[in-house]
Amino acid sequence: MRIEIICTGDEVLTGKIVNTNFSYMAQKLEDVGLSVIWGTTVGDDRETLLSAFQLAASRADAVIVNGGLGPTVDDLSQEIAAQAAGVELVLHEDWLRRMEDFFTRRMRTMPPNNVKQAMLPATAEMIDNPIGTACGFAMDIGKARFFFTPGVPRELRRMLEEQVIPRILARVGQPASIHLKRFHSYGLGESHIDELLKGVELLDAEGGVKLGFRAHYPEIETKLTVRGADLADVQRKLAPCIAEVKRRLGNFIIAEDDQTLEGVTLDALVRLGGTLTVVETFTGGQIAARIAHLPGAEKVFHHGTVSRHLASLHSVTLPAELNQEATEAVTRAAREQTGSTHALVVLTELDEGPDRIDLGGSIFIGITDGERMAFRRSRILGGREWVRLGAVELGLDCLRRFLLGLPVVERIDFEKQ
């Protein structure tokens, strides 16, 4: 199956949305064993857009077009699709009523130009958009099946996963049930995990499991893609692989599937009936930012302090050099002075000089619940941003481990002695 993605619309001028949408689509297709062969970006120009559709129709089996389904005159996807296929645009009455209801429910009057979004090529199959006014559609142009999707990321993602990918898989005769199991880990590099998990997919003798990775520092995502005749078949194949991944990666697994490190940490605090105070220096409040906005955090997250001046941290007199004693003193004071059950302190001492690949930072982490105190010191190299991201992730992971009764100090691949 040769797949092409075409990104169109005014977003191609900035590139930000296009890059995000393209990466997301390519990744989701790869997750189910479908690879993108070509990627094209086209602005709001009729001739170049028509040429892009015609070229894709001559070389691809399936084409996903993203963008250009809006109500304004520069949204051209429906018009050019109809031209490329040699058919007329017709009013899709059902979608027009859906749009009118969409505006009515929000106590608004639908602008006249939105009618344009209900004009579809005569041969098109409508693809539902439950959260927006731009319906998608599918149609044949030349030898390829085209799938048109809105440029708004949240609308695209739902349409792609629920409707476009299943249609593409059906065209290539793939098994009806495909499942993606994901493990998020911190502390092990990609090559290290690859070595640790060698042969895991072979636990399914039928060859229905595919092992893959996606690195986005500081985390690594390990993926098990499973194909089967039905859900029971998928689960049967997946079970021994899941057990083996958990056994081999152990405490370095920080979350699974749609979970996040901060979400797992918050859930652990909720189960304990705990509350949290966070103190940060170089990380600039990014640890607090990852927790404070989550549902339920209003009952758990009590206080956050951000400072680059250690002397101002919770009225504690600190020695000239940052060390374990100083970190623990700030940690105790933070918990006691804010009334939280738990305190997390992440203090970073950055190297001097310009940003460079060998610039590093020493990270001092303290965690207490009033009875126990955990301390961890780590040194990370790689430049200012690498150190900042590492300090945020390490701090949250140490808190997760503390709350779950796991070893807080366990050497990671990213730190230096």
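Determine whether Gln83 is touching a residue at least 24 places away in the same chain (Cβ under 8 Å) and either open to solvent by less than 70 Å² (accessible area, probe 1.4 Å) or closer than 15 Å to Ile5 by Cα (or both).
no
Please identify the pairs in which a residue from the stretch 122-140 that is free of Cβ contacts under 8 Å to residues at least 24 places away in the same chain and under 13 Å from Ser77 (Cβ atoms) has its Cβ atom under 7 Å from the Cβ atom of a residue that is surrounded by fewer than 15 Cβ atoms within 10 Å (Cβ to Cβ) and of a type in the set (A, V, I, L, M), counting only partners at least 6 apart or on another chain.
none
From the list Arg171, Arg167, Arg182, exactly one residue is without any contact (Cβ under 8 Å) to a residue 60 or more places away in the chain and open to solvent by 10 Å² or more (accessible area, probe 1.4 Å). Which is it?
Step by step, each of Arg171, Arg167, Arg182 is checked, and only Arg167 is without any contact (Cβ under 8 Å) to a residue 60 or more places away in the chain and open to solvent by 10 Å² or more (accessible area, probe 1.4 Å).
Surrounded by fewer than 18 Cβ atoms within 10 Å (Cβ to Cβ), under 21 Å from Arg157 (Cα atoms) and touching a strand residue (DSSP E or B) at 6+ places or on another chain (Cβ under 8 Å): is that true of Glu88 in this structure?
No; evaluated as a whole, the condition is false for this residue.
Only one residue in Arg2, Arg46 is open to solvent by 30 Å² or more (accessible area, probe 1.4 Å), at pLDDT 80 or above and touching a Leu at 6+ places or on another chain (Cβ under 7 Å). Which one?
Checking each option against the conditions leaves just Arg46.
Please specify each residue of the stretch 5-37 satisfying the condition of being at pLDDT 80 or above and part of a helix (DSSP H, G or I).
Within the stretch 5-37, Thr20, Asn21, Phe22, Ser23, Tyr24, Met25, Ala26, Gln27, Lys28, Leu29, Glu30, Asp31 meet the criteria.
Evaluate the following for Pro111: is it open to solvent by 30 Å² or more (accessible area, probe 1.4 Å) and either modelled with pLDDT under 90 or within 27 Å of Glu161 (Cβ to Cβ) (or both)?
no
Within the stretch 49-80, can you find the residues that are assigned to a helix (DSSP H, G or I) and either crowded, with 20+ Cβ neighbours inside 10 Å or charged (D, E, K, R) (or both)?
Leu49, Ala52, Phe53, Ala56, Arg59, Ser77, Gln78, Glu79, Ile80
Can you tell me which of (1) part of a helix (DSSP H, G or I); (2) open to solvent by less than 60 Å² (accessible area, probe 1.4 Å); (3) among the hydroxyl-bearing types (Ser, Thr, Tyr) is the one Thr40 doesn't meet?
Result: Thr40 passes all but (1).
Output the strands (runs of 3 or more DSSP E) that fall wholly within the stretch 328-417 and possess 1 or more residues being acidic (Asp, Glu), out of contact with any His (no Cβ under 8 Å at 6 or more places or on another chain) and modelled with pLDDT under 95, or say none. Even if it seems obvious, please write down each step before you answer.
Numbers: elements: 342-350, 360-368, 373-381.
In the stretch 328-417, the matching strands (runs of 3 or more DSSP E) lie at 342-350.
Select, from Glu100, Glu155, the only residue that is part of a helix (DSSP H, G or I), modelled with pLDDT of 90 or more, out of contact with any strand residue (DSSP E or B) (no Cβ under 9 Å at 6 or more places or on another chain) and acidic (Asp, Glu).
Glu100
The values are calculated or read from the model by the stated rules, or taken from the named source; none is laboratory data. Keep in mind that this is a model prediction, so the values were computed, not measured. Reconstructed Cβ throughout: ideal geometry from the backbone, glycine too, with neighbour counts over all protein chains shown. The area values use the complete protein model at the heavy-atom level, side chains included, leaving out ligands, DNA and RNA. Shrake-Rupley method; radii C 1.70, N 1.55, O 1.52, S 1.80 Å.
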